[in-house]
Amino acid sequence: MSQSVQPGPYTQQPFGSPYGQRPEPEAKLPWSKAIALTVAGFLVAGAIAGWAWQQFAPLAQYTVDENGGSLGEEQMTRVFGPDGMFTAIGFLTALVLGAGLFWWLRNYGPWAVAIVVLGASFGSSVAWGVGMLLGHDPLQPRLEAAKPGDLLAAPLELHTWTPLAAWLVGAALATAIIATTSWRAEPVATTSVSGTSESAPQVK
């Protein structure tokens, strides 16, 4: 009759790993490549978002008269339309893209949050720049060339800097949700064997 003692604590094996084999850590990209890909992703997203902002932002219409241009009551409600559209587009874009990038970079730990949030701030700036480049048409020169009765669209612009923060809020929300659901503490041993038992020889 022989009796043996199994040394060491029991370690749960991940699905698909052979029994007794230590799981290999997931490979990480170099920091420079991870940052470059994040910036590139937000660069493309910012350019598309800026184009969408220029295309779909509701603009107030000025009515030209002898004194210049004026806004009716209905048009006054559309003055801040570009701000609202930029906020909505930026928040949704950063939420979706930030979630995807953070999930990809989650093994970098808390530094992944900084990478995604900084990328979102870059994307916000790109979106504003592209939108202004495509759609900002100063009003005064058009008023001088227009005739009484003409309708002129207000220039595409942000009236406050608050909409730019929508990108940061969306990215931060995405990272917070994923971090709370994916980050777990390191697994601990479920059973233990004393050092005396581990070193005890087999009894025959």
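The values are calculated or read from the model by the stated rules, or taken from the named source; none is laboratory data. Keep in mind that what you see is a predicted model, and the values were worked out from it rather than measured. Cβ placement follows ideal geometry from the backbone for every residue including glycine, while neighbour counts extend to all protein chains displayed. Accessible surface areas use protein heavy atoms only, side chains included; no ligands, DNA or RNA. Shrake-Rupley method; radii C 1.70, N 1.55, O 1.52, S 1.80 Å.
This table checks each residue for (1) in contact (Cβ under 8 Å) with a residue 12 or more places away in the chain; (2) under 16 Å from the mean Cα position of the chain (by Cα); (3) buried (at least 21 other Cβ atoms within 10 Å of the Cβ).
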residue	(1), (2), (3)
W53	yes, no, yes
G69	yes, no, no
G81	yes, no, no
W104	no, yes, no
N107	yes, no, no
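For residues in segment 56-67 being outside any strand (DSSP E or B) and among the aliphatic types (A, V, I, L, M), which is most open to solvent (accessible area, probe 1.4 Å)?
Among residues in segment 56-67 that are outside any strand (DSSP E or B) and among the aliphatic types (A, V, I, L, M), the one most open to solvent (accessible area, probe 1.4 Å) is L59.
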Count - residues of segment 154-164 that are open to solvent by 40 Å² or more (accessible area, probe 1.4 Å) and over 11 Å from F80 (Cβ atoms):
1
T180 - would you say it is within 30 Å of G72 (Cα to Cα), of a type in the set (S, T, Y), within 28 Å of the chain's Cα centre (by Cα) and at pLDDT 85 or above?
no
Answer yes if at least one residue in segment 124-145 is surrounded by 15 or more Cβ atoms within 10 Å (Cβ to Cβ), within 13 Å of the chain's Cα centre (by Cα), closer than 29 Å to A36 by Cα and aromatic (F, W, Y), and no otherwise.
no
Please verify whether L151 is of a type outside the set (S, T, N, Q), open to solvent by 20 Å² or more (accessible area, probe 1.4 Å) and more than 22 Å from A34 (Cα to Cα), treating the condition exactly as stated.
yes
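Any residue at all in segment 66-79 that's closer than 24 Å to H159 by Cβ and in contact with a helix residue (DSSP H, G or I) (Cβ under 6 Å, 6 or more places away or on another chain)?
Of all residues in segment 66-79, those closer than 24 Å to H159 by Cβ come to 67-79.
Still in the list and also in contact with a helix residue (DSSP H, G or I) (Cβ under 6 Å, 6 or more places away or on another chain): 68-69.
Taking every residue of segment 66-79 in turn, at least one turns out to be closer than 24 Å to H159 by Cβ and in contact with a helix residue (DSSP H, G or I) (Cβ under 6 Å, 6 or more places away or on another chain).
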